[in-house]
Amino acid sequence: MDATFFLDPVCPFTWRTSRWLVSVAEARSLTIEWRAFSLTILNGGRIDPIMQESMTASNRSLRLIEALRAEGRGDDAGRFYAELGARSHDAGNPLSAGIVAAAVEAAGLEKSAEALDDERWDAAVAESHALAYSSAGPDIGSPVLMVPGAERGIHGPILTEVPATADAVAVWDAMLPLVKLPAFHEIKRGRR
């Protein structure tokens, strides 16, 4: 893998960062491994009641992402996430059971859909989350990006919009040496 991207499907910043990474992957012929990062685990299981339906849909989706990864079906996991994000973040709809079902169907994953409700995949989600958190944490959230040759992953980059391809590649080219430098810790500016 050229990049491992840990995500929680409910997060809009993660969605924009994933579209940036897909753009870079297409321009540079990179392979992306899609992995679970659970905001539910990060928050100790505490979920705002307003977010309950979206978080439940997200947690179910993470099971399927890890099940597909375990079967070596990374492209299917990426396609499923793309369908989720298009129906949720791009369309301005909160993530829901209906969006998950539509994304499964659009991605052609009906035969794998049983993983959504199979609690045995919760351990794989927790393991993936722990790997991401130990790589980039503490004080991080979704997304986490890991690249070969780097001792640690990073939280982000957090993007407020998906840049055009030339700018997306410029962000990658600027970020990659920093990620691989053990002394590098953080670049940040406040969101507007």
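Of the set (1) at pLDDT 95 or above; (2) not in a helix (DSSP H, G or I), all apply to T17 but (2).
For region 90-97, the count of residues that are touching a residue at least 12 places away in the same chain (Cβ under 8 Å), crowded, with 18+ Cβ neighbours inside 10 Å and assigned to a helix (DSSP H, G or I) is zero. Out of region 1-58, which residues are without any contact (Cβ under 8 Å) to a residue 12 or more places away in the chain and among the polar types (S, T, N, Q)? Hits for region 1-58 are S29, N43, Q52.
How about region 1-19: which of its residues are among the acidic types (D, E) and farther than 18 Å from V171 by Cβ? Step through it out loud before you land on a result.
Narrowing region 1-19 to residues among the acidic types (D, E): 2, 8.
Listed by number, the list holds a single entry, D8.
Among the listed residues A115, A70, A103, identify the single one that is at pLDDT 95 or above, open to solvent by 10 Å² or more (accessible area, probe 1.4 Å) and hydrophobic (A, V, I, L, M, F, W, C). Lay out the reasoning, then the answer.
On the way: A115 fails: open to solvent by 10 Å² or more (accessible area, probe 1.4 Å); A103 fails: open to solvent by 10 Å² or more (accessible area, probe 1.4 Å).
One residue alone meets the criteria, A70.
Can you name the residue in region 138-192 that is open to solvent by 80 Å² or more (accessible area, probe 1.4 Å), within 22 Å of V10 (Cβ to Cβ) and in contact with a Lys or Arg (Cβ under 9 Å, 6 or more places away or on another chain) and is also modelled with the lowest pLDDT among such residues? Looking at residues that are open to solvent by 80 Å² or more (accessible area, probe 1.4 Å), within 22 Å of V10 (Cβ to Cβ) and in contact with a Lys or Arg (Cβ under 9 Å, 6 or more places away or on another chain), I get T160. Taking every residue in region 66-82 that is within 14 Å of A36 (Cα to Cα) and in a helix (DSSP H, G or I) and pairing it with any residue that is among the basic types (K, R) and modelled with pLDDT of 95 or more, at least 6 positions away or on another chain, the pairs with Cβ-Cβ distances below 9 Å are E66/R35; A67/R73; R69/R35; A77/R35; A77/R69.
The values are calculated or read from the model by the stated rules, or taken from the named source; none is laboratory data. Everything numeric in this text was worked out from a predicted model, so none of it was measured. All Cβ positions, glycine included, derive from the backbone under ideal geometry; neighbour counts span all protein chains shown. When the accessible area is computed, the model is the full protein with side chains, heavy atoms only, and any ligands, DNA or RNA have been set aside. Shrake-Rupley method; radii C 1.70, N 1.55, O 1.52, S 1.80 Å.
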